[in-house]
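One structure is given here, and the rest of the page talks about it.
The values are calculated or read from the model by the stated rules, or taken from the named source; none is laboratory data. From a predicted model like this one, the values you see are computed outputs, not experimental measurements. We place every Cβ from the backbone using ideal geometry, glycine too, and count neighbours over all the protein chains shown. The accessibility values were calculated without ligands, DNA or RNA, using every heavy atom of the protein model including side chains. Shrake-Rupley method; radii C 1.70, N 1.55, O 1.52, S 1.80 Å.
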Amino acid sequence: MVQESNGGLPAPQELETFLSPEEKSKEKIVNTYNMTKDAELGDFDPFTERKLDNPTSNNDTLTHLLKASLGTGILAMPLAFKCVGLISGIFFTILVAVVCTHCSYILIKCAHVLYKKTKKTAMTFPEVGQAALENGPQSLRKFANGFRIFILVSLFLTYFGTCSVYTVMISKHILKVVAYYMNTPEKEVEIRIFIIALLLPLIFMAWIRNLKYLAPVSMIANIFMGLGLGITFYYLVGTGDLKVDNIKNMLIKPPNQWPDFFSLSIFAMEAIGVMMPLENAMETPQAMLGYCGVLNKGMSGVTFVYILLGFLGYLRFGENVQDPITLNLHDSDIPAQIVNVSIAIAVYCTFGLQFFVCIEIMWNSLKDKFSKRPDLADYIMRTIMVTVCVLLAVAVPTIGPFMGVIGAFCFSLLGLIAPAFIEVITYWDIGFGPCKYLIWK
């Protein structure tokens, strides 16, 4: 029972008259601001009630999280550091990482609170938003479905466009190696041929229907991304001289360039769309949170790698650093070619996890119409979606900059603003903490 703010008196209950004095004396009054206990009141335990055929372990989830956050956006971090400087880049990267991680944290925490309120065992990101408003203030409940649709559309457009960009990225990295051995300038090689050639491999990747079976694929992606980044680090510190002679001008940059850093780093590091699918597939969802939880462990490692590559990349190439930094490597070098191939394989293996968000959204809206043969309908839907994604890349192979703007805009709304709004609404009747710190935060 939650205390009212008016005089500390408990709220009246209709069944209170049926309780004996002994039963009334056993009732537990919880402090209004003890949000964790309030959130976990009740006999319903969504985690023990959750039944999964192939749940993922904590290590599987950590692998997926690393792959989702260590995407190709990391290759733009040296350029991001160029916009703010070496010293500012370190602190700003930590700031972005803390904010993005905390927003993911509060989204999952709110989901756990809403599991109790709605008696559900799993929710998607849009469903969390809808449930928050449906159980929030009376005046906002009419907007619950609209808020769900907004999150759905934003998630779908962002991740579908991102996957289309991934297709172009894979093709570009392969094209660089092929063009070198063909002794042909890259501009004269038709990239659309490489994009179309990826159709079948990407369809096969999208046919993996369970995150449990995607875990080994994410591990392969992490290995190849690690190989590519390792060789890149070798180029940064093992070849050529660092730009230490001009280091005074590289420490801190004017504030007018800072927005470019935040747009690049947030787009690179944000992975809010995969958080709820990962949590929903876990065998122990509680392990996602906590100081040493899966989320904090994964993002701590990701932040360190982002800072290291951004710092060394800018220090090595200075004002000549490019986006991605692989463009600063010489195509004639075998290690540079290995970097291109490794990143292409890593991005290909990442496609399944990123596309999982789009598939989940689409299938949840269609599955009720295909109750007779759902498995066949699911495979057909996946095939059609991948085909459309590839055809979009073929039609507009220069979609990257456009989707960068859309992605940065949508990720700011989805990854920063929406979780904060959901948290305020979720704890509306529980309390905002001492001095209402949730509102100030």
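Okay, here's what the table says:
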quantity: Label-point separation in nm, residue 95 to residue 193, each point 7 Å along Cα→Cβ; calculated: 4.8
quantity: Relative contact order [Cα under 8 Å, 6+ residues apart], the chain, whole percent; calculated: 36
quantity: Summed side-chain charge close to residue 106 - residues other than residue 106 whose Cβ falls under 15 Å, Lys, Arg +1, Asp, Glu -1; calculated: -1
quantity: Förster-model FRET efficiency, 60 Å R0, residue 119 and residue 237, C-beta, rounded to 0.05; calculated: 0.65
quantity: Given charges at beta-carbon only (K, R positive; D, E negative), |dipole| of the stretch 58-427 in Debye; calculated: 1020
quantity: Gaussian network model of the chain, springs between alpha carbon atoms under 10 Å - residue of 365, 342, 88 with greatest fluctuation; calculated: 365
quantity: Kirkwood Rh (inverse of mean 1/r, distinct Cα pairs), the stretch 350-441, angstrom; calculated: 16.8
quantity: Amide hydrogen neighbours beyond the local backbone of residue 56, cut-off 5 Å, H modeled; calculated: 282, 283
quantity: Modelled FRET efficiency - R0 35 Å, residue 252 with residue 409, Cβ distances, 0.05 increments; calculated: 0.80
quantity: Global form of the stretch 58-427, assessed from the alpha-carbon gyration tensor, a/c cut-off 1.5; calculated: oblate
quantity: Per residue accessible area in Å² of the chain, where ligands, DNA and RNA are left out and the probe is 1.4 Å; calculated: 48
quantity: Rounded Å value of the spacing that divides the Cα centres of the stretch 199-233 and the stretch 339-366; calculated: 9
quantity: Long-range HN-HN contacts of residue 124 with modeled amide H, under 5 Å; calculated: none
quantity: In nm, spacing of pseudo-spin labels at residue 186 and residue 373 (7 Å Cα→C-beta vector); calculated: 4.5
quantity: Qualifying trypsin sites (Lys or Arg not before Pro) in the stretch 354-399, DSSP loop, other Cβ atoms within 10 Å at most 10; calculated: 372
quantity: Under 19 Å from the residue 398 label point (7 Å along Cα→beta-carbon), backbone N, the stretch 297-325; calculated: 323-324
quantity: Expected 222 nm ellipticity per residue - DSSP helices of 4 or more, -39500 (n - 2.57), all of the chain, to 500; calculated: -21000 deg cm²/dmol
